[in-house]
Amino acid sequence: MCLCAEWCGTCRDYRPLFEQVARAHPQLRFGWVDIEDHADIADEFDVETFPTLLVAGADGTRFLGPLLPHAETLSRMLGALQPPQPSSLDVDLLLAVLNKKPATFSV
């Protein structure tokens, strides 16, 4: 899940690269969330910089934080994921909100 804002030029430039990586990893669920379109997310989850990536699932959180907006960086990170860590309450709340709403982009 990529948390971004439409007004952010870096995010706009990163989106096609993010979608490219999503197509290369069909076994994973990718989503693009504009936090201004989903203000309830911004209230529950403090995004400090863009883009912020969340890689999580029912088994816990694998990554949460800013990531350089390069397709190669995201691909390398996905290939080197560590075992999941227990999710924080903030991540659990974010996932609950996102599961109720369709993301702007989903593969």
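Listing for the model above:
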read-out: Any chance residue 5 is more than 11 Å from the chain's Cα centre (by Cα), at pLDDT 85 or above and within 16 Å of residue 94 (Cβ to Cβ); value: yes
read-out: Residue tally, condition exposed (fewer than 14 other Cβ atoms within 10 Å of the Cβ), touching a residue at least 60 places away in the same chain (Cβ under 8 Å) and within 23 Å of residue 58 (Cα to Cα), over segment 31-44; value: 0
read-out: Hey, residue 13 at pLDDT below 90 and out of contact with any Gly (no Cβ under 7 Å at 6 or more places or on another chain) or not; value: no
read-out: Cβ-Cβ under 7 Å pairs, at least 6 apart or on other chains, segment 11-30 side more than 20 Å from residue 56 (Cβ to Cβ), far side exposed (fewer than 12 other Cβ atoms within 10 Å of the Cβ); value: none
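The values are calculated or read from the model by the stated rules, or taken from the named source; none is laboratory data. The structure displayed is predicted, hence computed values, not measured ones. Please note: Cβ atoms are built from the backbone with ideal geometry, for glycine as well, and neighbour counts cover all protein chains shown.
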